[in-house]
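The values are calculated or read from the model by the stated rules, or taken from the named source; none is laboratory data. As the structure is a computational prediction, the values presented were derived from the model and not from experiment. So basically every Cβ, Gly included, is an ideal-geometry build from the backbone, and we count neighbours across all protein chains shown.
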Amino acid sequence: MTAKNTKPKPARRTKAATSTQPQERTVTIPFPDTDSEDEANRILAKDVPGWDKLDKDERAELLRLIRDHRKRGTPAKVKLIRKPDGGWSIEPAGKSEMLAVLKLHETFSANSIDPVNARANELLKYLGSVGADNEGRYNAALSFIESMAPRDQAEALLLVQMYCTHDAAIRALSQLGSAEWVPTAQTFGNLATKLLRTSQGQMETLARMRRGGEQVVRHVHVDNRGGQAVIAENVHTGGKGNGKIDDQSHATGTAGIGPALLGADPFGNGVPIPSREGPEAVPYARGHESGSA
């Protein structure tokens, strides 16, 4: 009898081996409610893991960052709940529904719920179109808009556009590394360039809106003697008088300095001065001859 070669069967995978779901880590940040450095350090030494491994400068920096984090307050957050028809429902998150709703009003600089719903649905539609309709990405967009502190609904609308444009540009750039063909890389490269240029234009538009129409006018004064130019910047805000200086002189500079004006006579004889003598008579071309031959 000949023995048959039998291959060992692979071990069956268990749920523990196939589970690749990352575990979320929660970091609790203590907020020492005291102005005393010693008391704050004592609280942090008790509540912060690894406090004893930090030196003096690192402990001071950590305390400063914790206090700055507390000043910024809790950001606006929402919950995304799947509807039976497959859509999403946006619900306020947190312990107090009223507090969450008012923070959304502040985020979009709105005094009613209608513009809040409009901007919130615009964000949700875009994120859903790119497969990023989850609470993490949505709350990240809200955090960006809130950090920019829109002053009115026009700025809030522009900030929603800025977030979507930036996200689309980054997605186009991420496709360059996986592009296998040159035309594909060129397509995504051109798209990313246009989106980044649009994003820059949106930032400039927001800056102009917040400047309130302020203009910078440069007045250049040239001294002919030394050939030096003096540039003075004046800032004018709105109105019809932009670009005009009060009591501005119309002279060209120091009197008597400058090129001479050209006269009518190129040889320098000057322009004739009129006298009291009348004009000379023009002789008759045919004299006093009669009209008959």
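The table that follows gives values for the structure above.
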item: Selection count, the range 65-94, where residues are of a type outside the set (A, V, I, L, M, F, W, C), part of a loop (DSSP other than H, G, I, E, B) and surrounded by 13 or more Cβ atoms within 10 Å (Cβ to Cβ); result: 3
item: Residue under evaluation N111, criteria (1) closer than 21 Å to C164 by Cα; (2) at pLDDT 90 or above; (3) part of a loop (DSSP other than H, G, I, E, B), criterion not met; result: (1)
item: Pair list, Cβ < 9 Å and 6+ apart or interchain, from the range 122-134 residues that are among the aromatic types (F, W, Y) to residues that are surrounded by fewer than 18 Cβ atoms within 10 Å (Cβ to Cβ); result: Y126/A132
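To keep it simple, each residue is scored yes or no on (1) in the same structural domain as S109 (by TED's automatic domain parsing); (2) in contact with a Leu (Cβ under 7 Å, 6 or more places away or on another chain); (3) part of a helix (DSSP H, G or I); (4) of a type in the set (A, V, I, L, M, F, W, C).
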residue: L158; (1), (2), (3), (4): yes, yes, yes, yes
residue: C164; (1), (2), (3), (4): yes, no, yes, yes
residue: D167; (1), (2), (3), (4): yes, no, yes, no
residue: E180; (1), (2), (3), (4): yes, no, no, no
